[in-house]
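Below: the structure, in structure tokens.
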Amino acid sequence: VFDALVTGMLHLDGFVDCCDALLGARTVERRLEILRDSRVGAYGALGGVLLLIAKFAALTALVSGPVRVLALLIAPILGRWGMVYAVTRYPYARAAGAGAPFRSHSGLHLILASILMLVLLAASAFVIGSPIQAITAAFVLTGLLLVAALLVLLGWLAWASRRLGGGLTGDTYGAACVLVELAVLALAPPLALLAARLVGG
């Protein structure tokens with residue numbers, strides 16, 4: 001709820017719009033029209049509900065204190081970085097729109113965002129504990145979550161851009177953020193076990 005209120009539900013709205021526009025058999029032009037339509041269709045309503053259920057389930061599965069703290073810190077960091085990456089690496093699907101202005105100096109933005117992301121991820125790894133083994137496990141988990149988030153992000157961007165004729169829109173940026181956050185929250189518990197084994201072994 002806090003995340004939705006802070007962002008004005010913008011990212012969640014983008015995901016819902018993407019469900020309406022990208023699912024089903026439609027032309028690229030029709031998909032772009034739907035993305036600008038303020039009304040919510042069946043795909044969007046069901047997609048939004050399923051997303052919230054999945055996020056709730058992922059949050060309730062974060063029973064370990066250190067893993068929970070780390071996942072809650074990493075999820076928004078990687079989600080926001082994912083949007084910057086999307087803006088930089090893919091063309092905008094329209095000549096103008098809410099996401100178009102962010103493409104100016106996008107290369108510099110990606111470099112700065114990547115540096116900031118790595119600093120914040122490193123800082124997050126130190127937050128969960130002081131023993132060397134705990135910090136090492138946190139760094140391994142952070143790396144695993146970063147790789148997982150990148151795979152989800154790249155998969156989403158490739159699929160969405162194909163559905164929109166090779167470009168992206170502001171809604172797809174928001175959806176990328178939401179999906180990356182969900183992936184981090186859902187994968188944190190199993191990847192934490194893997195990280196513990198790697199460090200312990």
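The values are calculated or read from the model by the stated rules, or taken from the named source; none is laboratory data. Because the structure is predicted, anything quoted here is derived from the model rather than measured. Note that we place each Cβ from the backbone using ideal geometry, even for glycine, and neighbour counts take in every protein chain shown. Ligands, DNA and RNA are stripped out before the accessible areas are found, and what is left, the full protein with its side chains, is counted by its heavy atoms. Shrake-Rupley method; radii C 1.70, N 1.55, O 1.52, S 1.80 Å.
Please determine whether any residue of segment 175-195 is closer than 20 Å to residue 88 by Cα, of a type in the set (Gly, Ala, Ser) and either open to solvent by less than 30 Å² (accessible area, probe 1.4 Å) or in a helix (DSSP H, G or I) (or both).
The answer is yes; a qualifying residue exists.
Got a sec? Which of 107, 143 is in contact with a helix residue (DSSP H, G or I) (Cβ under 7 Å, 6 or more places away or on another chain), assigned to a helix (DSSP H, G or I) and surrounded by fewer than 16 Cβ atoms within 10 Å (Cβ to Cβ)? Don't jump to the end; show me each part of the working.
Values: 143 fails: in contact with a helix residue (DSSP H, G or I) (Cβ under 7 Å, 6 or more places away or on another chain).
The conditions single out 107.
Would you point out the residue of segment 146-174, among those that are in contact with a helix residue (DSSP H, G or I) (Cβ under 6 Å, 6 or more places away or on another chain) and charged (D, E, K, R), that is least open to solvent (accessible area, probe 1.4 Å)?
That would be 171.
Could we say that residue 75 is under 12 Å from residue 185 (Cα atoms), at pLDDT 90 or above and open to solvent by less than 80 Å² (accessible area, probe 1.4 Å) here?
Working: under 12 Å from residue 185 (Cα atoms): yes; at pLDDT 90 or above: yes; open to solvent by less than 80 Å² (accessible area, probe 1.4 Å): yes.
Considered against the rule, which asks whether it is under 12 Å from residue 185 (Cα atoms), at pLDDT 90 or above and open to solvent by less than 80 Å² (accessible area, probe 1.4 Å), residue 75 comes out as yes.
Just the residues that are in a helix (DSSP H, G or I) and touching a residue at least 24 places away in the same chain (Cβ under 8 Å), please, taken from segment 37-56. Steps first, answer last, please.
Taking segment 37-56 first, the residues in a helix (DSSP H, G or I) are 42-56.
Hits for segment 37-56 are 43, 44, 45, 46, 47, 48, 51, 54, 55.
Return yes or no: is residue 96 outside any helix (DSSP H, G or I), modelled with pLDDT under 90 and either open to solvent by 90 Å² or more (accessible area, probe 1.4 Å) or hydrophobic (A, V, I, L, M, F, W, C) (or both)? Walk me through how you get there before you give the answer.
Numbers: outside any helix (DSSP H, G or I): yes; modelled with pLDDT under 90: yes; either open to solvent by 90 Å² or more (accessible area, probe 1.4 Å) or hydrophobic (A, V, I, L, M, F, W, C) (or both): yes.
The answer is yes for residue 96.
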